[in-house]
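Asker: Quick one: structure below, then a few questions.
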There are 2 protein chains.
Amino acid sequence: MVARPDRKPDVFGAISHPSRRRMLDLLAGADHSVNAMAGHFKMSRPAVSQHLRVLLDAGLVTEQRHGRERRYHFVPKRLGPVRDWISQYERFWDDRLSRLQMLLSKRNKG
Amino acid sequence: MVARPDRKPDVFGAISHPSRRRMLDLLAGADHSVNAMAGHFKMSRPAVSQHLRVLLDAGLVTEQRHGRERRYHFVPKRLGPVRDWISQYERFWDDRLSRLQMLLSKRNKG
DNA sequence: AATATACGTAAGGGAATGCTTACGCGTCAA
DNA sequence: TTGACGCGTAAGCATTCCCTTACGTATATT
């Protein structure tokens, strides 16, 4: 028996929805409970919960129980695949400076 | 009457599908006709055509007629929103070098 | 002119997405 | 214990996505 066979680590899919990107933006500033997060959106609280689930499945956030709250925490490292994919095109934007950027990126990794 | 009222410039949505990201990767190397592109995928030619349409609507590619062919051409600049959004998190990966990267990014734009 | 090629698009269907309301369960408060 | 709170999940529904096959159109070939 596997822990969670139905989890989808699709980071690109997870960030494809504007609301989920905004949630990550908010979480980048501070951890949020579901209710705190829902305060920033017009959709229902369960809808927010479902979006957070997508982010959780993608590994972009973690959850931590605090009493009856669940605080969601941003995991920026999981954006790595997006960064890697996009940085492959740096040379297209500016050949003059982008090589330095790419060098920095490489050193950033190693 | 508007030219194309139903076009969706949703770049994040456009790159959310693995096949479309691979198409951009291929187009980054060289322009491709639809048939040339379809040669790299298992799906039908119309399916490829439809994916290219999504990329076209997002502005990520342009098409150029050459006889009965249509050559698709990569427009890297349109990845800007993705790059901008992701680069906002650079500081999370490495505070030491990322500030320089962000500086370079700013100068890259202006 | 007749045929082949390259491609877009319509039509259809199965699956996924994104929302809602209803409900159940654990936790804090009185 | 009783009730309010915070939250996840089930169920239902409309919409979108992604693929297929069938067909139409413009261009090239013979």
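Asker: Filter region A:2-25 down to the residues that are in contact with a Leu (Cβ under 9 Å, 6 or more places away or on another chain), without any contact (Cβ under 8 Å) to a residue 60 or more places away in the chain and within 14 Å of another protein chain (Cβ to nearest Cβ) and list them by number.
Answerer: A:14, A:20, A:23, A:24
Asker: Tell me, please, whether a residue that is assigned to a loop (DSSP other than H, G, I, E, B) and at pLDDT 95 or above can be found in region A:88-102. Don't jump to the end; show me each part of the working.
Answerer: Taking region A:88-102 and keeping what is assigned to a loop (DSSP other than H, G, I, E, B), we get A:88-89, A:94.
Okay, now just the ones that are also at pLDDT 95 or above, so none.
No.
Asker: Name every residue in region B:23-36 that is part of a helix (DSSP H, G or I), aliphatic (A, V, I, L, M) and under 21 Å from residue A:86 (Cβ atoms), in order of residue number. If you could, list the steps in order and put the result at the bottom.
Answerer: Residues of region B:23-36 part of a helix (DSSP H, G or I): B:23-29, B:34-36.
Restricting the remaining residues to those that are aliphatic (A, V, I, L, M) gives B:23-24, B:26-28, B:34, B:36.
Residues satisfying the conditions are B:23, B:24, B:26, B:27, B:28.
Asker: Using the structure shown, decide if residue B:60 is within 14 Å of another protein chain (Cβ to nearest Cβ) and open to solvent by less than 40 Å² (accessible area, probe 1.4 Å).
Answerer: Taking the combined requirement at face value, the residue satisfies it.
Asker: Taking residue B:44 and the conditions (1) near DNA strand C (Cβ under 10 Å from one of its atoms); (2) within 13 Å of chain A (Cβ to nearest Cβ), which numbered condition does it fall short on, given that it satisfies the others?
Answerer: So residue B:44 meets the others, but not (2).
Asker: Can you pull out every residue in region A:6-30 that is surrounded by 15 or more Cβ atoms within 10 Å (Cβ to Cβ) and either aromatic (Phe, Trp, Tyr) or more than 13 Å from the chain's Cα centre (by Cα) (or both)?
Answerer: A:12
Asker: Please list, ordered by first then second residue, the pairs with beta carbon atoms under 8 Å, 6 or more apart or interchain, first in region B:26-40 and aliphatic (A, V, I, L, M), second open to solvent by less than 70 Å² (accessible area, probe 1.4 Å) and in a loop (DSSP other than H, G, I, E, B).
Answerer: That search, which allows pairs on different chains as well, returns B:28/A:89; B:38/B:44.
Asker: Any residue in region A:47-66 that is closer than 11 Å to residue A:24 by Cβ and part of a loop (DSSP other than H, G, I, E, B) sitting within a Cβ distance under 8 Å of a residue that is open to solvent by 20 Å² or more (accessible area, probe 1.4 Å) and among the β-branched types (Val, Ile, Thr)? List the pairs, counting only those 6 or more apart or interchain.
Answerer: A:60/A:75
The values are calculated or read from the model by the stated rules, or taken from the named source; none is laboratory data. Remember, it's a predicted structure, so these values are computed and weren't measured experimentally. Ideal geometry is used to build each Cβ from the backbone, glycine not excepted, and the neighbour counts take in all protein chains shown. With ligands, DNA and RNA removed, areas are computed over all heavy atoms of the protein, side chains included. Shrake-Rupley method; radii C 1.70, N 1.55, O 1.52, S 1.80 Å.
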